[in-house]
Structure formats: C-alpha cells, structure tokens
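Structure, as structure tokens:
Please treat every number below as a calculation from the coordinates, not as lab data. All figures in this text were calculated on a predicted structure; none of them were measured in a lab. Counting neighbours? That spans all protein chains shown, and the Cβs are built from the backbone with ideal geometry, glycine included.
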Amino acid sequence: MDLERKVRQHDNDISALYTMIADIQNTQRRHSNRFDELTEDVGALADRMGSLESRFGSLETKVGSLETKVGSLETKVGSLETTVGSLETKVGSLETKVGSLETKVGSLETTVGSLETKVDSLETKVDSLGTKMDQVLDLLQR
C-alpha cells in the first residue's frame, strides 16, 4: 500500500510537473510573441531613426550652406561699409569744394555787379560825350 501511495504521489507530482511545463511553455510562447512584437517595434524605430539621421544630415548641410552665405554677405557688407566710408569722405571733400566755389561765385557776382555799375557809368559818359560831340559838330558846321 505504501508503494501505491508513492506511485500515486509520483503520478501527481509528474502531472503537476507536466502542468508546470505547459504553463512555462505558454509563458514562453507569450514572451516569444511579445519579443517578436518588440523586435518589430525596434526595427520600426531603427527605420525612423535612420530617416531622422538622414534629415538631420540634410539640415546640417543646409546650415553649413547658410553659414557660408552669411559669411559671404558679411564680407560684402564690410566691403559696402568701406565703400560708403570712402564715399562719405569724397562727399565731404566735394562739400568743401562746393563751399569754396560758392564763395568764389559770390565774389564773382560782386565783381560782376561792380563791373555792371562801371559799364553803366561808362555808357552814361559815352552818351554824354556823344551829346557833346554832336554839339561840337553843330558848332563847327555853323
């Protein structure tokens, strides 16, 4: 009887082991399925990461291009600033020359005014001489 009890006990233990193995297999199957899902998710994330890296590389290239263009524009602005400074100097010099010319023109206008006065005076004297000559000729003809 002891042997029967031990055999039953072993049968129960073996049955429990089979049940435990079946549970472990089910758990392992669930874990395998979940692992496959996670592997797919990781693959999709790797694809997205590759796409993002590509886009980031493209953006870095564009930024590099923009930096080059900005550097070129800074050089051009510097050149324009130099040119503007040179033009300001030339304008200042021209303003000085124009001021000098205005002074000379004012002086010439004064001189012309004086000459006009003298010409008017000479015309008056010439007219007076013409009148006197006419009188002298009249006297000589009589």
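Name the residues in region 84-142 that are hydroxyl-bearing (S, T, Y) and not in a helix (DSSP H, G or I), would you? The answer is none; no residue qualifies. Assessment of region 113-134 against the conditions (surrounded by 10 or more Cβ atoms within 10 Å (Cβ to Cβ), of a type in the set (S, T, Y) and under 48 Å from the mean Cα position of the chain (by Cα)) yields no matching residue. The combined condition, being surrounded by 10 or more Cβ atoms within 10 Å (Cβ to Cβ), without any contact (Cβ under 8 Å) to a residue 60 or more places away in the chain and either in a helix (DSSP H, G or I) or in contact with a strand residue (DSSP E or B) (Cβ under 9 Å, 6 or more places away or on another chain) (or both), is fulfilled by R30.
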